[in-house]
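Novice: Got a structure here, written out as structure tokens. Questions coming.
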Amino acid sequence: MPATVVLGAQWGDEGKGKLVDRLAGQADWVVRFQGGNNAGHTVVLGERTIKLHLLPSGITRENCELVLGDGMVIDPWVLMEELQRWQSETGEMPLGTRLHISDRAHVILPFHRMVDGLDKKIGTTGRGIGPTYADKINRIGLRFGDIAELLADDSALKEMASHQADRLQYLGLPSDGHATSLRSDIQWVHDNYSQAIQNTGVMVDTALSTGQQVLLEGAQGCLLDIDQGTFPFVTSSITSRGNSTHGAGIHPGHVEETIGVVKAYTTRVGHGPMPTELFDEAGKHLGEVGHEFGTTTGRPRRCGWLDLVVLRHSQRVNGFSSLALTKLDVLGGLETISICIGYELDGVEIRDMPASSKALARCKPILIDLPGFDALSLEEWLEIAKQAAIDGSGFAALPEAAQHYIAHIEQLLGVPVASVGIGPDRDATIDTTE
């Protein structure tokens, strides 16, 4: 049974959690392969809203095995808070039963959060993600599978504490007593997580070889990829398809389908260029109707028209077999809807993104206008989705102008739209009938 990859095609916040939650109903495993608690996935089940940062979105499906994969950086204190919150809401503690932590994943320590808190340029979440990945690349990080060995090696632990204390002192941060606190912190992680630390790559490979369905869940989006994104205003990991299997500990031949999740407009959080950003009533509409606030940070998201230059870049990097279009309902009530089909850079029309963020910041969007459609209540959108599921009408159940918008996206990108989200609820989704 092949694996399916679910990726964000823009700057994150596209609605990946909702899609993974839906697909997990037919899956046996959901694997997060990169990032950490800088991600935020939201799943809405009726009146209940679940906000996830580290736990895979498949946690809502009780028969799903969950993996925090090799390519992740994990804050064990944040994870414990999330687990305890889940237990208080559901009565289940999945740690060590169906939640498995890769022995190759790296540990975010208080040291990393302190260092990350100094960032003022990039606009990071301050969760310690970048410094932990930096230690990983510098080969001085701590992996979950090395914790027990480190606790038994006083000289290695002292060396790590000395290195971190020197760094804290250099940055003007408190370093007194760091060696004692580091040992205590690592011991706490060992005491609380040792039963869940596994060679998860072998587990996932075995599951695939026995015909089980695996979902590989990405965090952030392609334009935040450390290599392929709008550097330096990016995250610290590879968010794209090439890392989906590598970060899960399996080979790429397992993947048959790659789904790109695309918001019906464009948003981003933090600093960095965004050519289609709006500062008018349309932008205000998108932010207010779409409730555009970051799941992790609570920061308001910057909003703009759908950017096909961004999506062509994302398609080239990831090779999506289909798209999941989300939050189409938010466009309801706009008289005209625009799509960016290219940029003007220093008087020259271009179709591809420049690598330089400074050049991208000078890009002006080339827009086409399409007719809008009426605003509906969430209840009305949900009823449309439910009726479409009953009678099999697919996208034909949508307003004509909304169908026209979808068809334009498919034609201009050359990738089929397989599903359309028209509300936050799990059931507020319409699948194509084709």
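Novice: Can you tell which of ASP352, ASP13, ASP154 shows the greatest fluctuation in a Gaussian network model of the chain with Cα springs below 10 Å?
Specialist: Highest fluctuation among the options: ASP154.
Novice: Which whole-Hz ³J(HN,Hα) couplings does the stretch 338-354 yield from phi under the Karplus relation 6.51 cos²θ - 1.76 cosθ + 1.60, θ = phi - 60°, glycine and proline marked x?
Specialist: Working through the residues one at a time gives 10, 10, 7, 10, x, 10, 10, 10, 6, x, 10, 6, 10, 10, 10, 6, x Hz.
Novice: Carbon and sulfur together cover what percent of the accessible area of the stretch 224-294 at a 1.4 Å probe radius?
Specialist: 55
Novice: So what does the Cα-only Debye profile of the stretch 302-368 read at q = 0.16 Å⁻¹, as log10 I(q)/I(0), no solvent term?
Specialist: Computed log10 I(q)/I(0) values: -0.65.
Novice: Let me ask something else. How much of the accessible area of the stretch 1-132, in percent, comes from carbon and sulfur atoms when a 1.4 Å probe is used?
Specialist: Answer for the stretch 1-132 is 47 percent, counting heavy atoms of protein chains only.
Novice: Next question. Pull up the DSSP beta bridges for the stretch 300-434 and report the antiparallel fraction as a percent, rounded to 5.
Specialist: The antiparallel fraction comes to roughly 75 percent.
Novice: Mind checking which of HIS251, HIS106, HIS313 has the largest fluctuation in a GNM of the chain, springs on alpha carbons under 10 Å?
Specialist: HIS251
Novice: Here's a follow-up. Once amide H atoms are placed 1.01 Å from N in the peptide plane, what residues at a sequence separation of 5 or more from GLY372, or on another chain, have their amide H within under 5 Å of its amide H?
Specialist: THR336, ILE337
Novice: Right, something else. Probe of 1.4 angstrom, ligands and nucleic acids ignored: what's the accessible area per residue over the chain, in square angstrom?
Specialist: Numbers: 18220 Å² over 434 residues.
Averaged over the residues of the chain, the accessible area is 42 Å².
Novice: Let me ask something additional. Which value in deg cm²/dmol, rounded to the nearest 500, describes the helix-derived mean residue ellipticity at 222 nm for the chain, given -39,500 (n - 2.57) per DSSP H run of n ≥ 4 and division by the residue count? Mind showing how you got there, number by number?
Specialist: On the way: 14 runs with 146 residues, N = 434.
Value at 222 nm, helices only, nearest 500: -10000 deg cm²/dmol.
Novice: In whole angstrom, and with the biggest value first, how far do the Cα coordinates of the stretch 10-58 range along each principal axis?
Specialist: 25, 25, 20
Novice: In a GNM of the chain with a 10 Å cut-off on Cα contacts, which of ALA389, ALA207, ALA152 has the highest mean-square fluctuation?
Specialist: Looking only at ALA389, ALA207, ALA152, the largest GNM fluctuation is found for ALA152.
Novice: Mind listing the long-range amide H neighbours of LEU306? Cut-off is under 5 Å, sequence gap 5 or more, other chains count too, H placed in the peptide plane at 1.01 Å from N.
Specialist: Amide H neighbours of LEU306, under 5 Å, 5+ apart: THR266, CYS340.
Novice: Sticking with this one: Out of the DSSP beta bridges found with both residues in the chain, what percent are antiparallel (nearest 5)?
Specialist: If we restrict to bridges inside the chain, about 40 percent are antiparallel.
Novice: On to the next question. I'd like the carbon and sulfur percentage of the solvent accessible area for the stretch 354-434, probe radius 1.4 Å, heavy atoms only, ligands and nucleic acids excluded.
Specialist: In the stretch 354-434, the share of accessible area belonging to carbon and sulfur is 53 percent.
Novice: Could you go through the stretch 249-266 in sequence order and give the Karplus-derived ³J(HN,Hα) for each residue, using 6.51 cos²θ - 1.76 cosθ + 1.60 with θ = phi - 60°, rounded to whole Hz, and x for Gly and Pro?
Specialist: Along the stretch 249-266, the couplings run x, 10, 8, x, x, 6, 8, 10, 10, 10, 9, x, 8, 10, 6, 5, 9, 10 Hz.
Novice: Restricting to Cα pairs below 8 Å that are 6+ residues apart, what does the relative contact order work out to for the chain? Please round to a whole percent. Walk me through the intermediate numbers first.
Specialist: On the way: 953 pairs, mean separation 85.1, N = 434.
RCO, the chain: 20 percent.
Novice: Just checking my list [x] 0.98; [y] 1.24; [z] 0.96 against Rg/Rh (Cα atoms, Kirkwood Rh) computed from this structure; which label fits?
Specialist: Recomputing Rg/Rh (Cα atoms, Kirkwood Rh) here picks out [x].
Novice: Hey, what angle do you get for helix 178-193 against the long axis of the chain, alpha-carbon based, 0 to 90 degrees rounded to 10?
Specialist: 70
Novice: Across the chain, how many lysine pairs, 8 or more positions apart or on different chains, have C-alpha atoms separated by under 20 Å? Please give the number.
Specialist: 17
Novice: Write down the percent of antiparallel bridges among all DSSP beta bridges whose residues are both part of the stretch 1-137, to the nearest 5.
Specialist: The answer is about 30 percent antiparallel.
Novice: For the modelled label position 7 Å from the Cα of SER209 along Cα-to-Cβ, which residues of the stretch 246-266 have backbone nitrogen atoms closer than 18 Å?
Specialist: Taking a point 7 Å out along Cα→Cβ of SER209, the residues of the stretch 246-266 whose backbone N falls under 18 Å are 246, 248-255.
Novice: First check a/c for the stretch 71-119, with a ≥ b ≥ c the square roots of the eigenvalues of its C-alpha gyration tensor; if it is under 1.5, answer rounded, and if not, answer prolate when a/b is larger than b/c or oblate otherwise.
Specialist: Judged from the Cα gyration tensor, the stretch 71-119 comes out oblate (a/c at least 1.5, b/c at or above a/b).
The values are calculated or read from the model by the stated rules, or taken from the named source; none is laboratory data. This is a predicted model, so every value here is computed, not measured. Please note: Cβ atoms are built from the backbone with ideal geometry, for glycine as well, and neighbour counts cover all protein chains shown. With ligands, DNA and RNA removed, areas are computed over all heavy atoms of the protein, side chains included. Shrake-Rupley method; radii C 1.70, N 1.55, O 1.52, S 1.80 Å.
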